[in-house]
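Structure, as structure tokens:
The numbers here are math on the coordinates, done by the rules we state, and not lab data. Everything numeric in this text was worked out from a predicted model, so none of it was measured. As a convention, Cβ positions derive from the backbone with ideal geometry for all residues, glycine included, and neighbour counts pool all protein chains shown.
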């Protein structure tokens with residue numbers, strides 16, 4: 001392992017960060033965090049820091065994590081670190097890329113600039129981008145890299161689901177669904193979604209031979225799970241052999257998992273970008289390959 005590099009992890013993402021360090025052949029240490037009664041964080045980094053510091057933390061539930069990341073980056077700069085790379089498999093505050101109502105803060109621009117000010121390189125996976133198509137437009141860092149998890153997801157399906165029929169719940173999901181399907185010539189289709197709010201959606205399915213098929217509903221992120229739930233309910237009339245869910249980022253807030261199981265979703269699979277019981281696909285190798293590319297380019 002190189003002594004010129006160090007990968008720092010945080011307690012809530014320790015297992016995944018350690019796996020990344022092992023896959024990349026980089027020394028690993030954990031940031032020590034103490035929480036004061038008023039909610040302030042006291043951080044302790046290693047006594048010796050390298051020229052290039054890599055920080056791995058997934059940014060679900062982001063507000064406290066962002067403050068701690070900025071303190072880590074500022075301290076590292078003060079202590080002579082030249083390059084800081086942030087590996088954030090789930091990246092926050094990317095969805096708000098325009099002012100929909102007068103006075104709204106465009107959070108993508110604000111957080112993107114803050115991250116670019118403190119980190120030289122950013123690596124993430126399947127960022128929630130809409131009108132902005134390149135991560136560098138949202139985060140003007142030296143390198144801003146948005147990987148996709150479709151390759152490991154496709155390999156996972158090949159070994160865990162016989163002749164799957166993939167369904168994307170809306171037009172935005174087609175980029176992931178089509179990419180996964182292409183890997184092993186899987187059948188797929190895309191549903192039509194209408195959203196009536198954060199928790200209310202309606203979907204319609206195109207005509208297809210769903211009966212007695214192993215259906216896999218694929219999306220990039222599951223938060224409330226209402227879109228996935230709406231698709232699963234529609235499928236009941238077709239009597240498929242099985243219904244599964246496969247997502248990159250598993251948030252599944254409140255009782256989303258129970259609701260999906262109640263409509264006969266038998267498998268709920270996710271990548272390990274956000275720690276969750278559904279994690280079935282490690283992205284350590286995917287992230288390590290990209291990290292090594294950055295290191296070789298220095």
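In plain terms, the chain from residue 266 to residue 171 could stretch by 31.8 nm, reckoned as 0.36 nm per residue minus the Cα-Cα distance. Modelled spin-label separation between residue 242 and residue 208, with each label point placed 7 Å from Cα along the Cα-to-Cβ direction: 1.8 nm. Most simply put, the chain has about 15% antiparallel DSSP beta bridges, counting only bridges with both residues inside it.
Each part reduced to its alpha carbon centroid, segment 224-298 and segment 65-119 end up 25 Å apart.
Helix 14-24 sits at what angle to the longest principal axis of the chain, using alpha carbons and giving 0 to 90 degrees rounded to 10? The angle comes out near 80 degrees.
Highest mean first, the peptides 83-96, 121-134 sorted by other C-beta atoms within 10 Å per residue fall in the order 83-96, 121-134. Within segment 1-37, which residues have the backbone N less than 20 Å from the label spot 7 Å out from residue 71 along Cα→beta-carbon, could you tell me? In segment 1-37, the label zone of residue 71 (backbone N under 20 Å from the point 7 Å along Cα→Cβ) covers 7-14, 29-37.
Remark: the chain is approximated by an ellipsoid whose semi-axes, taken from the C-alpha gyration tensor as √(5λ), come to 36, 21, 17 Å, largest first. Between 0 and 90 degrees, the angle of helix 226-235 with respect to the longest Cα principal axis of the chain falls at about 30 degrees. Dividing the convex hull volume of the alpha-carbon atoms in segment 150-281 by its residue count gives 94 Å³ per residue. One decimal place: the segment residue 255-residue 14 gains 84.2 nm when fully extended, by the rule 0.36 nm per residue minus the C-alpha distance. Relative to the longest principal axis of the Cα atoms of the chain, helix 150-160 runs at roughly 50 degrees.
Which shape class, rounded, prolate or oblate, goes with segment 1-45 when its Cα gyration tensor gives a ≥ b ≥ c as root eigenvalues, a/c under 1.5 marks rounded, and past that a/b bigger than b/c marks prolate? Here segment 1-45 falls in the oblate category.
Site pair residue 106 and residue 178 shows an inter-label distance of 2.7 nm when each label is modelled 7 Å from Cα along Cα→Cβ.
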